[in-house]
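The values are calculated or read from the model by the stated rules, or taken from the named source; none is laboratory data. Computed from a predicted model, the values in this text were never measured in an experiment. Positions of Cβ are generated from backbone atoms using ideal geometry, with glycine treated the same way; all protein chains shown enter the neighbour counts. We work out accessible area using only protein heavy atoms, side chains counted, and drop any ligands, DNA or RNA first. Shrake-Rupley method; radii C 1.70, N 1.55, O 1.52, S 1.80 Å.
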Amino acid sequence: MADKPLVIIAAGGTGGHMFPAAAFAEEMRSRGWQVGLISDARGLSYASEFPADWKQEVGAASPNLRKPWTLPGAALKIWRGISRATRPMKETRPALVAGFGGYPAFPALSAARRRKIPILIHEQNAVLGRVNRQFASKAKVVASGFPRLDRLPDGVRHAPVGNPVRAPIAAKRDVPFPPTDGELTIFITGGSQGARILGEIIPLAIANHLPAPLRARLKVVQQVREEQLDDVRAVYDNVAVRHELKSFFSDMPERLAAAHLIMARSGAGTVSEIAAVGRPSILIPLKIAMDDHQTANAEALVEAGAADVVLEDNLYPNLLGELIKVRLEDEAGLKERAERAKAAGTVTAARDLADLAEKAAGR
């Protein structure tokens with residue numbers, strides 16, 4: 001173990017940061033590297049199966065300039081986090097620190113900078129996040145999940161490798177597009193807990209604004225918040241639309257592959273997984289997302305001719321129903337959009353990112 005190079009991964013406290021970091025970690029371990037993970041308590045809650053040799057919890061904080069009285073406490077928490085992140089770097093001189101964004105990545109990247117350890121950054125979204133933005137000019141390279149990367153400082157080396165996707169997602173890339181001569185499946189997902197507005201609007205669009213012959217062919221598979229389940233079920237039951245409703249789907253790869261049309265938020269992981277599998281989609285960006293990055297993420301598939309974007313401000317049942325109708329009634333168009341999505345996607349991002357990491361570490 002002692003002669004193996006070590007990469008420390010610093011990742012924020014959400015699945016959107018941790019899942020691609022885990023795919024990268026798996027690739028690095030397959031190349032003979034040791035992997036350490038530094039995150040906060042929330043991030044580590046996503047990391048029970050993270051492929052790391054060790055994990056370190058650090059404190060992190062998001063400074064809020066609108067509440068200046070909270071700044072001293074936040075500064076103290078960050079300082080303690082940096083101190084805690086420094087310890088394993090002193091003990092096991094890492095060859096590289098890889099930052100995947102989020103405030104919990106800040107302490108480890110700061111510690112790496114102080115100890116002159118090479119830094120690599122991966123930005124999942126099409127807009128560089130605040131922590132990644134702060135360290136971009138210090139990094140050997142900034143890799144990204146999309147060709148577009150807004151807020152990137154001038155003069156920084158940029159490598160658009162794509163977002164690493166989980167192996168079960170990558171395994172569905174060669175699953176053929178489902179036949180369109182019978183049942184048509186719409187898969188609707190809205191993040192880890194579902195999106196309230198999707199549970200309110202999409203069922204009404206399907207029930208009230210699709211022609212009966214099309215409704216009769218539908219199967220709707222929808223992620224719905226627990227408190228909305230009964231109401232959504234009643235809407236579909238009222239017009240006899242076949243449906244399967246859950247607050248969480250543990251078999252996302254299978255659901256994506258079985259869909260003729262996907263309706264979803266446009267977080268980086270979701271967009272990348274839709275493209276990796278190759279399915280047409282209608283994307284509804286989260287309006288309050290930082291720097292409107294979900295709209296920027298969606299544009300990759302829109303420009304490829306694989307997706308439509310409907311902004312929350314334009315999310316009306318009648319307009320959405322008409323769009324769903326147009327897409328589902330064009331069977332040849334569905335297949336073409338699926339192929340365009342697949343062409344825009346990748347399942348080699350973890351490998352390509354690992355290549356960059358080894359070069360950044362001088363290996």
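Which one is surrounded by the fewest Cβ atoms within 10 Å (Cβ to Cβ), of the residues in region 75-101 that are among the small types (Gly, Ala, Ser) and more than 15 Å from Gln56 (Cβ to Cβ)?
Filtering region 75-101 down to residues among the small types (Gly, Ala, Ser) leaves 75, 81, 83, 85, 95, 98-99, 101.
Pick out the ones that are also more than 15 Å from Gln56 (Cβ to Cβ) and you get 75, 95, 101.
On the way: Ala75: 12, Ala95: 19, Gly101: 29.
Per the stated criteria, the residue is Ala75.
Output the residues belonging to region 271-319 that are in contact with a strand residue (DSSP E or B) (Cβ under 6 Å, 6 or more places away or on another chain) and surrounded by 24 or more Cβ atoms within 10 Å (Cβ to Cβ).
Ile274, Arg279, Pro280, Ser281, Leu283, His293, Ala298, Leu301, Ala307
Filter region 102-117 down to the residues that are surrounded by fewer than 20 Cβ atoms within 10 Å (Cβ to Cβ) and touching a strand residue (DSSP E or B) at 6+ places or on another chain (Cβ under 6 Å) and list them by number.
Residue satisfying the conditions is Ile117 alone.
Could we say that Phe146 is open to solvent by 10 Å² or more (accessible area, probe 1.4 Å), part of a loop (DSSP other than H, G, I, E, B) and aromatic (Phe, Trp, Tyr) here? Walk me through how you get there before you give the answer.
Numbers: open to solvent by 10 Å² or more (accessible area, probe 1.4 Å): yes; part of a loop (DSSP other than H, G, I, E, B): yes; aromatic (Phe, Trp, Tyr): yes.
Yes: the conditions hold for Phe146.
Look at region 149-182 and say how many of its residues are open to solvent by 80 Å² or more (accessible area, probe 1.4 Å) and over 30 Å from Ala258 (Cβ atoms).
So the answer is 4.
Of these, Arg351, Arg327, which one is open to solvent by 60 Å² or more (accessible area, probe 1.4 Å) and either charged (D, E, K, R) or in contact with a strand residue (DSSP E or B) (Cβ under 8 Å, 6 or more places away or on another chain) (or both)?
Testing whether each residue is open to solvent by 60 Å² or more (accessible area, probe 1.4 Å) and either charged (D, E, K, R) or in contact with a strand residue (DSSP E or B) (Cβ under 8 Å, 6 or more places away or on another chain) (or both) leaves just Arg351.
Within region 13-44, track down each residue that is basic (Lys, Arg) and over 18 Å from Gly129 (Cβ atoms).
Arg29, Arg31
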